[in-house]
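Colleague: Please see the structure below; I have some questions.
Every number in this text was worked out from the coordinates using simple rules, so none of it is lab data. Since we're looking at a predicted model, the values are computed, not measured. Note that we place each Cβ from the backbone using ideal geometry, even for glycine, and neighbour counts take in every protein chain shown.
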Amino acid sequence: MFKGLFNGYNWAGIVSLLIFFSVFVIATVMVMMRKKSDIDYMANLPLEDDDNPENSK
Amino acid sequence: MAQIEKFEYDNTIVRNFAVASIIFGIVAFTVGLWIALELVFPGLNGGISWNSFGRLRPLHTNAAIFAFVGNAIFAGVYYSTQRLLKARMYSSILSKIHFWGWQLVIVGAAITLPLGFTSSHEYAELEWPIDVLITIAWVAFGANMVGTMIKRRESHFYVAIWFYISTFITVAVLHLGNNLEVPVTFWKSYPVFAGIQDALLQWWYGHNAVAFFLTTPYLGLMYYYLPKAANRPVYSYRLSIIHFWTLIFIYIWAGPHHLLYSALPDWTQSLGTVFSVMLIAPSWGGMLNGLLTLRGAWDRVREDPILKFMVVAVTAYGMSTFEGPMLSIKSVNAIAHFTDWIPAHVHIGTLGWNGFLTFGMFYWMFPRLFGTTLYSKKLANIHFWIGTLGILFWVVPMYFAGWTQSLMWKDFTPEGLLKYGNFVTTLQSIKPMLALRAFGGSLYLTGALIGFFNLMKTAQQGKLIRNEAAEAPALHIVPEPNESVHRKLERKPVPLLIWALIAILVGGAVEFFPMTFMKSSVPKIESVKPYTALELQGRDIYIREGCVSCHSQEVRPFRSETVRYGEYSKAGEYIYDRPFLWGSKRTGPDLHRVGGKYRDSWHYNHMLNPQNTEKESIMPPYPWLFKNNLDNSSIAAKIRVLRKLGTPYPAGYEEKAPAEMAAQADKIVKSLASDIKDLNPDELKKKEIVALIAYLQRLGTDIKAK
């Protein structure tokens, strides 16, 4: 009954689209669940050491 | 609150890698300029074997990728890792092994590549002893990184560290995968896989060398040095996490876009295209994240050469990651592949993204390493403008060259004949553009020399702070209740490493295993037979001379190609090709169907001096092939290794081979003597040229009706 449904499809294209979509969705959901304070803390890690003399004179 | 600990950052190792990067960068640009000039003035080849384009081109690419960019990565990574993890590198001995091992690899490459020791896998040309050395240096780097992550004082890993660690693990996998080879002698090996499997493996490697050597470590560097230089945090840290996981997962699938319209099965090509197009999403996410980090600081970009370099670098990243997906669409690829469009695309990446981020990073880093200020901001600005002009002069003419030549290749007369049937006519039309490209390269090199002077003067006016004092609280991890999985992962080095490894293995495995282990992927052709011993020797000369740098062996199924070259290439024709020699650029014509197209004497005259047979050719002469005797000392070992790998040479063939080679050589020499006067047949039949002619005349003939 379902035989015709799957004939002639580019399965590689469909599967890869699904993979693409799910990887993005998982990554986005994972990131959105994070607390803002955690994110701010991480984002500021490179700026913690105060080695910012003038670059040049 | 944990106790405050005092420690020191190791700046010596950072300085060493940085200086090596600049010096080798200048070498890479100089060799690049030289070979660009060889294409404009073929006389520069001088009939000297180690000076010919085919042998120097891999030296240029390896020097640019592994010596210039590689050393810059390590300088940037060692500087930022220590500060992000608030710890000195785990082991000074590992740092030294890594540094000296890597420089030894570079020196080894600089000697062996011009001598013609090459596996011919693009960007993995180095022969197996140097591959082993790379592995040792790389393991020292990885162990040092993981060790530092374990003994750190900062509980969580900043996103730059993730990019570094995924670089380490992926490059290790790629290096081992693409260098699966069986040694024949100390400087010669054959790859385990042949034909289309070898091609897929090579471009899985080749593409991901771009991804995980030229991109992910540089994204890590961008996420550290751009906020540093702009003195503000990255625009969106959440976006950087999405960028990381999606990029490393998707990148690894994209390799087959280098093999569109080839003999590779269609489904593999489709996967390559689809994933390449998807790559635009994470890449542009990262690019925008970088540029938006400068929000509110754009006024400083006008003043600060460091930010200028970084802005152009990130913009170049955006341009090449837009262009890459577009080039992976089959209809665009049909035009671009094998033309100068591809080197243009690549050089936006290396000169713009890698080169400019490197210079920006060094201008920021040197004053800090040496406790001083930059020697001259003005010179840095001059470097920036000359370098930018250099990039434009490099790429714009090459885009035009690519489009022009491709359209000429495909042009037919109303009568249905090729309008430019002679390949050299199409080459003629792009010669001015090749000259302009060399001019662009010379500008970029001039900029780099100014940069070198400026940085050395900066170092001279300060004093290296070998051990920079720092302090931080000891590592004290207090897991929060209901912590997310990812939050936990961010402070566990080994699980992070394992998850990154899983993410990058999926794509490679899905594409490679079915193709390797399903017999249906390579339909067998009964008439395809292994190379004779003499042809095999000729093939190894073809490999040694780097012919693959300019000649493809892959006729695509287009009318414009089948009319020009002959029947399109089939997967089953390559099953004895170790390594595959499809090439990626047609500076000269495709050679897959060259067998039997010309007389032996044509090849003889052509190799002696290509301008004898084609006045406007830019191919170098190969006089040494007429002087060198063919070295047959390892032919038995070659046959044995190939038999072990699956080539069906009959038992005892290695004993019969010398007599068979002599007979085949005799036949060729006889045909040469009938066309060319004053030959010495007894001397000639010992020479390398005869083996090369044997190979060229065999190419693509297996499926021709006899």
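Colleague: To the nearest 0.05, what FRET efficiency results for B:GLN460 and B:ASN51 with a Förster distance of 30 Å applied to their C-beta separation?
Modeller: Result of the calculation: an efficiency of 0.30.
Colleague: Just the number, please: Stokes-Einstein D of the stretch B:375-430 in µm²/s, Kirkwood Rh from C-alpha pairs, 37 °C, 0.692 mPa s.
Modeller: For these conditions, the coefficient is 236 µm²/s.
Colleague: With a ≥ b ≥ c taken as the square roots of the eigenvalues of the C-alpha gyration tensor of the stretch B:533-698, please select rounded if a/c is under 1.5 and otherwise prolate if a/b is larger than b/c or oblate if it is not?
Modeller: Since a/c reaches 1.5 but b/c is at least a/b, the shape of the stretch B:533-698 is classed as oblate.
Colleague: For B:GLU181, what residues show an amide H to amide H distance below 5 Å, using hydrogens built from the backbone and excluding near sequence neighbours?
Modeller: Hits under the 5 Å cutoff: B:VAL192.
Colleague: Ranking B:ARG238, B:ARG643, B:ARG55, B:ARG302 by Cβ neighbours within 10 Å, fewest first, what do you get?
Modeller: Final ranking by Cβ density, sparse to dense: B:ARG302, B:ARG643, B:ARG238, B:ARG55.
Colleague: Next question, about the same structure. For B:LEU369, what is the net charge nearby, where nearby means another residue's Cβ is under 9 Å from its Cβ and Lys, Arg count +1, Asp, Glu -1?
Modeller: +1
Colleague: Right, something else. Among B:TRP624, B:GLN537, B:ASN609, flag the residue with its Cα farthest along the positive direction of the charge dipole of the stretch B:533-698, charges on Cβ as +1 for Lys/Arg and -1 for Asp/Glu.
Modeller: Value computed over the given set: B:GLN537.
Colleague: Kindly express, to the nearest 10 degrees and within the range 0 to 90, the angle between helix B:195-213's C-alpha long axis and the longest C-alpha principal axis of chain B.
Modeller: It works out to around 30 degrees.
Colleague: Need one value for B:159-165: mean number of C-beta atoms belonging to other chains within 10 Å of its residues' C-beta atoms.
Modeller: Other-chain Cβ atoms within 10 Å of each residue's Cβ, averaged: 1.
Colleague: Hey, got the average number of other protein chain Cβ atoms within 10 angstrom for residues in A:27-33?
Modeller: 6
Colleague: Still on this structure, I have one more. Taking only the Cα atoms of chain B, how large is their convex hull per residue, in Å³?
Modeller: Per-residue hull volume (Cα only) is 160 Å³.
Colleague: How crowded by other chains is B:484-492, given as the mean number of beta carbons from other chains within 10 Å of each beta carbon?
Modeller: Mean shielding count: 3.
Colleague: Per 10 Å bin from zero, what fraction in whole % of the C-alpha pairs of the protein assembly as shown is there, up to the bin with the longest pair?
Modeller: Spelled out per bin, shortest first, that is 3, 14, 23, 25, 18, 11, 5, 1, 0, 0.
Colleague: A further question on this structure: What percent do you get for the relative contact order of chain B when only Cα pairs under 8 Å and 6+ apart count?
Modeller: That works out to 18 percent.
Colleague: Could you tell me which trypsin sites (Lys or Arg not before Pro) in the stretch B:374-430 are loop residues by DSSP with no more than 16 other beta carbons within 10 angstrom of their beta carbon?
Modeller: Within the stretch B:374-430, the qualifying trypsin sites (Lys or Arg not before Pro) (loop, at most 16 other Cβ atoms within 10 Å) are B:LYS419.
Colleague: Mind pulling the angle between the C-alpha long axis of helix B:688-698 and the longest principal axis of chain B? Nearest 10 degrees, somewhere in 0 to 90.
Modeller: 80 degrees
Colleague: Give the peptides B:481-489, B:204-212, B:113-121, B:500-508 in descending order of average Cβ contacts within 10 Å, highest first.
Modeller: Highest-to-lowest ranking by the protection proxy: B:204-212, B:113-121, B:500-508, B:481-489.
Colleague: Here's something else I'd like to know. Charges only on Cβ, +1 for Lys and Arg, -1 for Asp and Glu: so what's the dipole of the protein assembly as shown about the Cα centre, in debye to the nearest 20?
Modeller: 420 debye
Colleague: Hey, another quick one. My understanding is that a pair violates if its Cα-Cα distance is over 20 Å; which of B:LYS524/B:LYS570; B:LYS188/B:LYS585; B:LYS597/B:LYS667; B:LYS656/B:LYS686 do that in this structure?
Modeller: B:LYS188/B:LYS585
Colleague: Say the dipole of the protein assembly as shown comes from +1 at the beta carbon of Lys and Arg and -1 at that of Asp and Glu; which of B:VAL105, B:ILE248, B:PRO58 then lies farthest toward its positive end?
Modeller: B:ILE248
Colleague: Using amide H atoms built in the peptide plane, which far-off residues or other-chain residues are under 5 Å from B:LYS687 H to H?
Modeller: It is B:LEU630, by chain and number.
Colleague: List the GluC sites (Glu not before Pro) in the stretch B:500-574 that DSSP assigns to loop (not H, G, I, E or B) and whose Cβ has at most 10 other Cβ atoms within 10 Å. Which are they?
Modeller: Of the GluC sites (Glu not before Pro), the ones in loops of the stretch B:500-574 whose Cβ has at most 10 other Cβ atoms within 10 Å are B:GLU526.
Colleague: Rounded to the nearest 500, what is the 222 nm mean residue ellipticity of the protein assembly as shown from helices alone, with -39500 (n - 2.57) per DSSP H run of 4+ residues and division by all residues?
Modeller: Value at 222 nm, helices only: -20500 deg cm²/dmol.
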